[in-house]
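Each reported figure results from applying straightforward, stated rules to the coordinates on display, with no laboratory input. Please read these numbers as outputs of a predicted model, since none were measured by experiment. Cβ coordinates were reconstructed from backbone atoms using ideal geometry, including for glycine residues, and neighbour counts include every protein chain displayed.
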Amino acid sequence: MDAERPVASPCVHICALDDEDLCIGCQRNVAEITRWSRMHNAERRQVLALCHARAKAKGVLL
């Protein structure tokens, strides 16, 4: 069985924190950004779902 490829980072190189300490580019918080490289794929997928929900709530989905 082939090893699963790592889930790609949602970083879009627009790196700045908003008033809620969320990145305005990817919608991750600081802990999620700094831990990303050490997360397993299931955790990365959970973070991506949170990012999507945050972006939807803010009306910033592209």
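Before moving on, here are some points about what is shown:
- Dipole magnitude of the chain, debye to nearest 20 (Cβ charges: Lys/Arg +1, Asp/Glu -1, about Cα centre): 140
- Crossing angle, helix 41-58 versus the chain [Cα axis fit, 0-90 degrees, rounded to tens]: 20
- Summing charges over neighbours of Val7, with a neighbour being any other residue whose Cβ is under 14 Å away from its Cβ, gives +3 when K and R count +1 and D and E count -1.
- Semi-axes of the equivalent ellipsoid for the chain, computed as √(5λ) from the eigenvalues of its C-alpha gyration tensor and ordered from largest down, come to 22, 12, 10 Å.
- Within-9-Å neighbourhood charge of Cys51 [Cβ basis; K, R +1; D, E -1]: +1
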